[in-house]
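Student: Take this structure first; my questions come after.
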Amino acid sequence: MKKIIAVDGPAGAGKSTVSKICAARLGYTYIDTGAMYRAVALKVLLSGKPVSEELLDNIKIELDESARVYLDGREVTKDIRTPEVSRGASDVAKLGFVRSKLTELQREMAARGSVIMDGRDIGTQVLPNADLKIFLTASVEERARRRFEELKLKGLAADLAQIRNEITLRDKQDSEREIAPLAQADDAVLVDSTNMTIEQVVAKILELAK
Ligand code: CDP
């Protein structure tokens, strides 16, 4: 039977890492909705123009089984992970016409089979009938530390205080926006990963999914 798991939470809580592993173990498709907002932001940046409904009219966003991301047929998996695109994603995510377009695409993706979908509004707006909803969080210090380590591993320059500020700002913007703000659904299970390893979080979700 088709099953749906929704994972929401703030930036850097570990949603994509644990969702990817859970999807592989359960044989579900992993859908990273943040990557879709990032792809829209990248398209806007590349266009050099303000975001418009026209720009979204013929946008093509695809995610493959290895979580690679394609924008209008071109792979942008790495290009969408810059701080500029992170900020841009949070900006375009405030707009109703962007959200309705992506929500529609996300529902279509979920209709095809069992999925684990991560984002900010999956349990509250996109898939309110999900079989299991997780709200994954961690302290802002821990989330900033994880992003810092992630960037260092990639050989990129990183400043912990700056990352902490960017995360705090983005969480505030995501939580305070009018349309589909970041929020824990009433029926979501809260998982605080501050003092948990990736494997512990995965085990917890798999246990709840049984
Ligand atoms: O990976 P990280 O947690 O830093 O962010 P992300 O999941 O890639 O999402 C990037 C941005 O897209 C977020 O800051 C939100 O503003 C927006 N977003 C959203 O509004 N709704 C979603 N379902 C997913 C992401």
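Student: For segment 150-174, which residues satisfy the criterion of being of a type in the set (Asp, Glu) and open to solvent by less than 70 Å² (accessible area, probe 1.4 Å)?
Tutor: Those that are of a type in the set (Asp, Glu) and open to solvent by less than 70 Å² (accessible area, probe 1.4 Å): Glu166, Asp171, Asp174.
Student: Any chance segment 52-74 includes a residue that's within 12 Å of the ligand (Cβ to nearest atom), more than 27 Å from Leu206 (Cβ to Cβ) and open to solvent by 20 Å² or more (accessible area, probe 1.4 Å)?
Tutor: no
Student: Let me ask something additional. Evaluate segment 29-44: report whether one residue or more is more than 14 Å from the ligand (Cβ to nearest atom) and surrounded by fewer than 20 Cβ atoms within 10 Å (Cβ to Cβ).
Tutor: Looking through segment 29-44, at least one residue is more than 14 Å from the ligand (Cβ to nearest atom) and surrounded by fewer than 20 Cβ atoms within 10 Å (Cβ to Cβ).
Student: Can you confirm whether Asp187 is out of contact with any His (no Cβ under 8 Å at 6 or more places or on another chain) and either within 17 Å of Cys22 (Cβ to Cβ) or within 16 Å of the ligand (Cβ to nearest atom) (or both)?
Tutor: On the way: out of contact with any His (no Cβ under 8 Å at 6 or more places or on another chain): yes; either within 17 Å of Cys22 (Cβ to Cβ) or within 16 Å of the ligand (Cβ to nearest atom) (or both): no.
It is false that Asp187 is out of contact with any His (no Cβ under 8 Å at 6 or more places or on another chain) and either within 17 Å of Cys22 (Cβ to Cβ) or within 16 Å of the ligand (Cβ to nearest atom) (or both).
Student: Could you name every one of the helices (runs of 4 or more DSSP H) located completely within segment 138-210 that has at least 2 residues being within 24 Å of Thr82 (Cβ to Cβ), touching a residue at least 12 places away in the same chain (Cβ under 8 Å) and within 18 Å of the chain's Cα centre (by Cα)?
Tutor: 140-153, 160-176
Student: Which residues, counting only those in segment 138-147, are open to solvent by 30 Å² or more (accessible area, probe 1.4 Å), within 13 Å of the ligand (Cβ to nearest atom) and not basic (Lys, Arg)? Outline the logic, then answer.
Tutor: At the first step, the residues of segment 138-147 found to be open to solvent by 30 Å² or more (accessible area, probe 1.4 Å) are 139-142, 145-147.
Applying the additional criterion that residues be within 13 Å of the ligand (Cβ to nearest atom) yields 140, 146-147.
Val140 - this is the single residue of segment 138-147 that is open to solvent by 30 Å² or more (accessible area, probe 1.4 Å), within 13 Å of the ligand (Cβ to nearest atom) and not basic (Lys, Arg).
Student: With the requirement that a residue be more than 16 Å from the ligand (Cβ to nearest atom) and not charged (D, E, K, R), what does segment 1-21 give you?
Tutor: Let us first name the residues in segment 1-21 that are more than 16 Å from the ligand (Cβ to nearest atom), namely 1-3.
Hit for segment 1-21 is Met1, nothing else.
Student: Can you tell me which residue is nearest to Lys210 (Cα to Cα) among those in segment 148-176 that are of a type outside the set (D, E, K, R) and within 11 Å of the ligand (Cβ to nearest atom)? Don't jump to the end; show me each part of the working.
Tutor: Of all residues in segment 148-176, those of a type outside the set (D, E, K, R) come to 148, 151, 153, 155-158, 160-163, 165, 167-169, 173, 175.
Pick out the ones that are also within 11 Å of the ligand (Cβ to nearest atom) and you get 163, 167, 169, 173, 175.
Values: Ile163: 36, Ile167: 33, Leu169: 36, Gln173: 35, Ser175: 30 Å.
In this case the residue turns out to be Ser175.
Student: Considering only segment 105-134, how many residues are of a type in the set (Gly, Ala, Ser), within 12 Å of the ligand (Cβ to nearest atom) and not in a helix (DSSP H, G or I)?
Tutor: Start the filter on segment 105-134 by keeping residues that are of a type in the set (Gly, Ala, Ser), which leaves 110-111, 113-114, 119, 123, 130.
Cutting the leftovers down to within 12 Å of the ligand (Cβ to nearest atom) gives us 119, 123.
Checking which are not in a helix (DSSP H, G or I) leaves us with 119.
Number satisfying all stated conditions: 1.
The values are calculated or read from the model by the stated rules, or taken from the named source; none is laboratory data. As the structure is a computational prediction, the values presented were derived from the model and not from experiment. For neighbour counting, all protein chains shown are included, and Cβ atoms are generated from backbone atoms with ideal geometry for every residue, glycine included. Please note that ligands, DNA and RNA were not included when accessible areas were found on the heavy atoms of the full protein model with its side chains. Shrake-Rupley method; radii C 1.70, N 1.55, O 1.52, S 1.80 Å.
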